[in-house]
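Structure, as structure tokens:
Read the figures in this text as sums done on the coordinates, not as results from a lab. Model, not experiment: these values are computed from the prediction. All Cβ positions, glycine included, derive from the backbone under ideal geometry; neighbour counts span all protein chains shown.
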Amino acid sequence: MRSASQSVLKGRDTIQIEMPQSLANILIHLVFSTKDRNPWITTPIREELYPYLGGVFRNIECPVIQIGGVADHIHVLHRLSRTITIAQVAEKAKTSTSKWVKTKGCAEFAWQAGYGAFSVSQDDSDAVVRYLQGQEQHHRSVSFQDEMRKLYGDAEVAFDERYMWD
């Protein structure tokens, strides 16, 4: 039996044919907040939301490495599929989860319009995982706004605060 990458020429030996591949391992740290930082993501909601969100990312072929967050925002470390943009990932994640949270009795739930997305090197991924796992502790002393200012600053992303905090 031949594999897909082999071909047999009549009367000759098997020839190996190389099939082109497009491979990538792009890690993204995605962050988005609830509208006006309302504390809608309670512990009971979070316990169901994270697995649901993991399924959304799996369905768009962007497997989640770690999810973390608190009552007013979420962080997701995930791989980025070669076939989807970061904007599409954020839109699908926010649209799907917004509809889902509303079915849990929070009819006014909404995400902020924007998001932050940061590239993560494979070497730094363990540190980001620990950071996301420690969100509850981290936000005892750091606001969402200060956290985002630091993330943007560390990534050297220019931003205008007049348009940041919806």
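The chymotrypsin sites (Phe, Trp or Tyr not before Pro) of the range 31-78 include none that meets both conditions, a loop assignment by DSSP and at most 15 other Cβ atoms within 10 Å of the site Cβ.
Quotient of the Cα radius of gyration of the range 26-156 and 2.2 N^0.38 Å, N being its number of residues: 0.98.
Taking GluC sites (Glu not before Pro) across the range 28-98, the ones in a DSSP loop with at most 15 further Cβ atoms lying within 10 angstrom of their Cβ are E61. For the pair D123 and E18, label points projected 7 Å from Cα toward Cβ lie 2.8 nm apart. Helix 144-154 and the longest principal axis of the C-alpha atoms of the chain enclose an angle of approximately 50°. One decimal place: the segment C106-H138 gains 8.9 nm when fully extended, by the rule 0.36 nm per residue minus the C-alpha distance. Scanning the chain for trypsin sites (Lys or Arg not before Pro) lying in DSSP loops with no more than 12 further Cβ atoms inside 10 Å, the longest uninterrupted stretch between such sites is 13-81. Between T43 and A87, the simple label model (points 7 Å from Cα in the Cβ direction) yields a spacing of 4.0 nm. Projecting each Cα onto the charge dipole of the range 26-156 (Lys/Arg +1, Asp/Glu -1 at the beta carbon, about the Cα centre), which of G134, L151, C62 comes out farthest on the positive side? Towards the positive end, the residue furthest out is C62. Ordering W111, W100 from the fewest to the most neighbouring beta carbons within 10 Å gives W100, W111.
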